[in-house]
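Here's the structure, in structure tokens; my notes come after.
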Amino acid sequence: MKSIAKLSKRANQLAILLVLLIASGPWSGSAATEAAGGAVLRPADFKKYIDQFNAEDEELYPQLIPNSRAWEFLSTNVPLFECPDRELERTYYFRWWTFRKHIKQTPDGFIITEFLPPVPWAGKHNSINCPAGHHFREGRWLRDPRYLNDYSVFWFQKGGDPRRYSFWAADSLWARAAVSGDFSQARQLLPDLIKNYQAWEKSRQDANGLFWQEDGQDGMEVAIGGTGYRATINSYMYGDATAIARLAGLLGQAEVRQEYQAKAATLKSLLNTRLWDAQAQFYKVAPRTTNAAAPLRLADVREEHGFTPWYFDGLSESHMAVAWRQLMDPKGFLAPFGPTTAEQRHPKFQVAYAGHECQWNGPSWPYATAMTLTALANLLNGEPQSFATKADFMKVLDIYSRSHRLKRPDGKTVCWIDENLNPFTGDWIARTLLRQRKQKPDERGKDYNHSTFCDLVISGLVGLRPQAGSTVVVNPLVPENTWDWFCLDKVSYHGLDLTIVWDKTGKKGCAIFRR
């Protein structure tokens with residue numbers, strides 16, 4: 001089902017081209033020509049979701065775009081999506097509905113928040129850089145560029161703290177520009193990105209060349225593997241070095257490009273030789289050491305963040321794909337509301353309703369699920385392997401989608417996103433604990449913006465793979481014989497509007513085009 005096309009300067013012709021390529025027959029000819037006149041899907045058909053979310057919501061902390069303006073904003077800013085799975089479709093619109101809640105206007109421009117109420121560990125304007133990489137991945141599909149333009153500058157020039165937590169900043173700006181096609185801001189911020197990287201080297205890189213991080217500053221408190229040389233921070237720094245090298249290349253800065261290519265190559269080698277456990281066939285954490293040449297003592301646990309290297313293209317070696325066997329193993333990470341953050345076979349795995357409300361020793365976290373699914377999409381778009389399939393991606397995305405629920409005391413189930421999940425019951429653990437403890441602020445984690453979902457649908461499931469050049473690559477991860485149709489419409493990509501359609505029989509297409 002994979003399709004590749006060259007960008008046309010005429011948006012309507014590009015829409016035809018994608019329909020023709022992906023539909024592979026049923027939507028060619030007159031149907032595709034009719035589609036060229038405008039969007040395939042009608043925004044009004046999806047307003048019902050926003051109306052439902054508004055009606056069921058207790059709007060505690062409105063910011064720039066309140067519920068009363070949610071549909072006005074979303075109908076003009078986000079891609080439309082329709083598919084046979086109405087639960088997944090509903091979650092897609094729910095996550096856009098929650099994302100716009102976090103667009104905040106400040107004296108320093110627009111930013112994207114993680115929590116709606118102020119929290120004491122946040123920085124300026126209640127900003128937190130821990131999920132910022134996810135904010136850029138999700139928000140890059142918004143039609144209006146102002147929000148992420150300001151947010152990009154904020155981290156480096158307007159008082160943001162880009163190193164309070166781990167943050168793959170340069171990679172995020174590159175990923176965002178790969179959708180818009182406009183690399184000018186990323187190029188302008190290159191000096192700041194280099195200074196940021198150098199500051200990480202001074203504060204978090206040891207003599208052995210590896211970066212270390214505290215589990216809490218990785219956004220992963222109470223992790224079994226704990227603090228040390230983690231696959232997370234080393235993968236992030238590889239991603240940033242690669243992005244800096246690419247940006248330097250665009251600016252003709254050959255020496256900088258070569259310097260950061262070398263940094264990326266060194267990190268790749270260190271990660272794959274020193275943090276890979278050949279026996280367990282998984283990336284693991286190792287405690288810090290003052291002896292740069294000494295062998296590292298790897299933790300005895302597989303943790304979900306060990307999938308992070310696949311988030312960044314080209315980092316893992318092909319034989320390491322064996323690690324993905326653990327994702328669908330019930331003794332590994334598979335759970336009804338998972339994945340779990342630690343392998344379930346480990347003696348320290350637990351789902352606790354005591355102590356810290358945010359624990360990464362068992363509960364499911366949308367942050368980690370989003371990272372894992374992005375990594376899995378990259379794996380499935382890479383070299384052939386036999387350890388993970390499109391069906392695995394679809395199943396985990398489906399689990400993730402259906403975890404976005406809360407059963408109210410009156411028995412009604414509503415769409416919901418919060419902090420961490422009981423992987424076996426779907427209960428939002430931190431919320432339960434905070435309510436039991438009567439801890440303020442009220443509903444701290446409600447509409448929590450610490451992960452992606454819509455990007456997983458667009459770039460993963462539908463398969464629009466953002467490119468820096470003038471090529472459109474579409475590689476859907478919908479398994480064969482699963483869906484007969486889907487449509488992603490009004491996608492703003494490189495300044496053009498794309499429509500991506502799959503209709504196996506042509507029956508759905510005819511119904512849509514008659515509307």
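For the range 137-154, filtered to residues that are among the hydrophobic types (A, V, I, L, M, F, W, C) and over 19 Å from the mean Cα position of the chain (by Cα), the residue that is surrounded by the fewest Cβ atoms within 10 Å (Cβ to Cβ) is Val153. When Pro131 is tested against (1) surrounded by fewer than 24 Cβ atoms within 10 Å (Cβ to Cβ); (2) under 22 Å from Trp96 (Cα atoms), only condition (1) is not met. The single condition among (1) surrounded by fewer than 18 Cβ atoms within 10 Å (Cβ to Cβ); (2) among the small types (Gly, Ala, Ser); (3) outside any loop (DSSP other than H, G, I, E, B) that Gly252 does not satisfy is (3).
Picking from residues in the range 45-66 that are in a helix (DSSP H, G or I) and under 24 Å from the mean Cα position of the chain (by Cα), the one that is farthest from Thr113 (Cα to Cα) is Phe46.
Every residue, every condition in (1) crowded, with 20+ Cβ neighbours inside 10 Å; (2) of a type in the set (D, E, K, R); (3) in a strand (DSSP E or B); (4) under 14 Å from the mean Cα position of the chain (by Cα), yes or no:
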site: Pro441; (1), (2), (3), (4): no, no, no, no
site: Lys446; (1), (2), (3), (4): yes, yes, no, no
site: Asn449; (1), (2), (3), (4): yes, no, no, yes
site: Val457; (1), (2), (3), (4): yes, no, no, yes
site: Glu480; (1), (2), (3), (4): no, yes, no, no
site: Phe486; (1), (2), (3), (4): yes, no, yes, no
site: Asp497; (1), (2), (3), (4): no, yes, yes, no
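Scanning the range 273-293 turns up one or more residues that are in contact (Cβ under 8 Å) with a residue 24 or more places away in the chain, within 22 Å of Pro347 (Cβ to Cβ), out of contact with any strand residue (DSSP E or B) (no Cβ under 9 Å at 6 or more places or on another chain) and not in a helix (DSSP H, G or I).
Could you tell me whether any residue of the range 233-240 is within 21 Å of Trp310 (Cα to Cα) and β-branched (Val, Ile, Thr)?
yes
Considered as a group, the residues in the range 318-353 that are touching a Leu at 6+ places or on another chain (Cβ under 6 Å) and of a type in the set (Phe, Trp, Tyr) include one that is farthest from Pro384 (Cα to Cα), and that residue is Phe337.
Against the list (1) assigned to a strand (DSSP E or B); (2) within 21 Å of Ser364 (Cα to Cα), the condition Trp212 fails is (2).
Taking the stated definitions as given, is Ser166 farther than 23 Å from Pro441 by Cβ, outside any helix (DSSP H, G or I), at pLDDT 95 or above and touching a helix residue (DSSP H, G or I) at 6+ places or on another chain (Cβ under 9 Å)? Against the criterion (farther than 23 Å from Pro441 by Cβ, outside any helix (DSSP H, G or I), at pLDDT 95 or above and touching a helix residue (DSSP H, G or I) at 6+ places or on another chain (Cβ under 9 Å)), Ser166 qualifies.
Among the listed residues Ala292, Ala286, Ala278, Ala264, which satisfies the condition of being more than 25 Å from the chain's Cα centre (by Cα) and buried (at least 18 other Cβ atoms within 10 Å of the Cβ)?
Checking each option against the conditions leaves just Ala286.
Taking the range 459-477 as the range and being farther than 21 Å from His134 by Cα and crowded, with 23+ Cβ neighbours inside 10 Å as the test, only Val472 passes. Listed by first and then second residue, the pairs with beta-carbon distance under 8 Å, at least 6 apart or on different chains, first residue in the range 177-199 and closer than 13 Å to Phe154 by Cα, second in a helix (DSSP H, G or I) and acidic (Asp, Glu), are Leu193/Asp240.
Condition check for Arg435 on (1) crowded, with 23+ Cβ neighbours inside 10 Å; (2) among the charged types (D, E, K, R); (3) not in a loop (DSSP other than H, G, I, E, B): one failure, at (1).
The values are calculated or read from the model by the stated rules, or taken from the named source; none is laboratory data. Nothing here was measured: the structure is a model prediction, and the numbers come from that model. No Cβ is skipped: glycine too gets one built from the backbone with ideal geometry, and neighbour counts run over all protein chains shown.
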